[in-house]
């Protein structure tokens, strides 16, 4: 189980979704649905580490976008902070 915060930006730096809007995510690694971009990113972060990733659209919202702020076929920049991880038996 991991907990993380993140924000999503366009490649030009425009914030599409900030940490407050997205909230803290709790995710059971490889056992729950999550954007492919996030699934891969949380596996390589250490606790309290912050990293920025550039992802192609197919790992995010794909060709369709999200019908709100993410455009069709839009690559995105994710800034992610891993808050905690724990091992569940």
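Rule-based calculations on the coordinates, nothing more; no lab input. Computed from a prediction, not measured in an experiment: that's the story for all the values here.
Full-extension gain between residue 84 and residue 52, please, as 0.36 nm times their residue separation minus the C-alpha to C-alpha distance.
On the way: separation 32, 0.36 × 32 = 11.52 nm, distance 1.76 nm.
Length difference between fully extended and current span is 9.8 nm.
Summing -39500 (n - 2.57) over the DSSP H runs of n ≥ 4 in the chain and dividing by its residue number, what mean residue ellipticity at 222 nm do you reach, to the nearest 500 deg cm²/dmol?
That comes out to -3500 deg cm²/dmol.
For Cα extents along the principal axes in Å, which listed value, (i) 48, 34, 22; (ii) 49, 26, 17; (iii) 40, 22, 20, comes from the coordinates shown?
It is the value labelled (iii).
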